[in-house]
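The values are calculated or read from the model by the stated rules, or taken from the named source; none is laboratory data. All values reported here derive from a predicted model rather than from experimental measurement. Note that each Cβ is placed from the backbone with ideal geometry, even for glycine, and that neighbours are counted across all protein chains shown.
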Amino acid sequence: MAVQRRRRLRAKMHSLIEGASRAADLESSESVMDNLMGLLRVHVKRGVNLAVRDVRSSDPYVVVKMGNQRLKTRIVKKDVNPEWNDDLTLSITDPDIPVSLTVYDHDTFSKDDKMGDSEFEVRSFIEALKTYTNLEEIPSGTVISRLKPGTDNCLVDESAIYVNDEGKIIQDLFLRLRNVECGEVEIQLQWIHYPGSKTF
């Protein structure tokens, strides 16, 4: 009887914990929707001169993080100059949270090795979106602003925020990887307006 009571008690506690976890997830999801400004598409284009982590090459992939969000690209086998061309979409609720980017070497039988990391901010991109809301009147190719490389960022070259041929605001970034002997990653940002999200 005592054993059965303990089992019932454990089952009840497990149910309560699961219920609390689901409620917390729901509350977190509702909070995100209430504060959602829009979606940011991060197009991870390619890596350049990445570090070798296997015998002669690496099997790199990229992990992008912002707050609690974590997304990753596909793995490219045996290539230190990989072309991923993968789209990763982040929910933006706070433009002051930086986005981190880490490159890993995939290993089948051991822990994946880090191949450097980088970081970029989205505040400048979102400010450009707020300033230029009527894009139909802006010619394609118009550069809205430029960010210069410096000690406070990971930019390799000047980063332009501009209007593309489809009338959308785009930002190209070439990021230098830190904590590694070599390597750069090229990405592109594009904003996606989400129905019901906060308007600028």
Item to check | Test result for V64, assigned by TED's automatic domain parsing to the domain that holds D107, touching a Leu at 6+ places or on another chain (Cβ under 6 Å) and modelled with pLDDT of 95 or more | outcome: yes
Checklist entry - Which numbered condition trips up N134, out of (1) in the same structural domain as S57 (by TED's automatic domain parsing); (2) closer than 19 Å to V42 by Cβ; (3) at pLDDT below 95? => result (2)
Next on the checklist: Among the residues in the range 69-77, are any in contact (Cβ under 8 Å) with a residue 40 or more places away in the chain, under 21 Å from L189 (Cα atoms), surrounded by 14 or more Cβ atoms within 10 Å (Cβ to Cβ) and in contact with a Phe, Trp or Tyr (Cβ under 9 Å, 6 or more places away or on another chain)?
Outcome noted: no
Checklist entry - In the list S29, S15, S57, which residue meets the criterion of being at pLDDT below 95 and assigned by TED's automatic domain parsing to the domain that holds L173? => result S57
Item to check | Members of the range 156-171 that are farther than 14 Å from V122 by Cβ and part of a strand (DSSP E or B) | outcome: A160, Y162, V163
Next on the checklist: Step by step: first the residues of the range 107-147, then only those that are within 21 Å of the chain's Cα centre (by Cα) and part of a loop (DSSP other than H, G, I, E, B), then the one that is nearest to P60 (Cα to Cα). Which residue is that?
Outcome noted: D112
Checklist entry - Quick check: is even one residue across the range 179-187 assigned by TED's automatic domain parsing to the domain that holds H43, touching a helix residue (DSSP H, G or I) at 6+ places or on another chain (Cβ under 9 Å) and on the phi < 0 side of the Ramachandran plot? => result no
Checklist entry - Do we find a residue being out of contact with any strand residue (DSSP E or B) (no Cβ under 9 Å at 6 or more places or on another chain) and at pLDDT 95 or above anywhere in the range 96-110? => result yes
Next on the checklist: Here is a check on your reading of the model: is P82 at pLDDT 95 or above and buried (at least 17 other Cβ atoms within 10 Å of the Cβ)?
Outcome noted: yes
Item to check | Boolean, E158 is of a type outside the set (A, V, I, L, M, F, W, C), within 21 Å of L88 (Cβ to Cβ) and exposed (fewer than 14 other Cβ atoms within 10 Å of the Cβ) | outcome: no
Item to check | Odd one out for T151 among (1) farther than 23 Å from E83 by Cα; (2) in contact (Cβ under 8 Å) with a residue 12 or more places away in the chain | outcome: (2)
Item to check | Subset of the range 130-173 [hydrophobic (A, V, I, L, M, F, W, C) and closer than 15 Å to Q190 by Cα] | outcome: L135, V143, I144, A160, I161, V163, I169, I170, L173
Checklist entry - Can you find even one residue in the range 114-130 that is exposed (fewer than 14 other Cβ atoms within 10 Å of the Cβ) and more than 25 Å from A51 (Cβ to Cβ)? => result yes
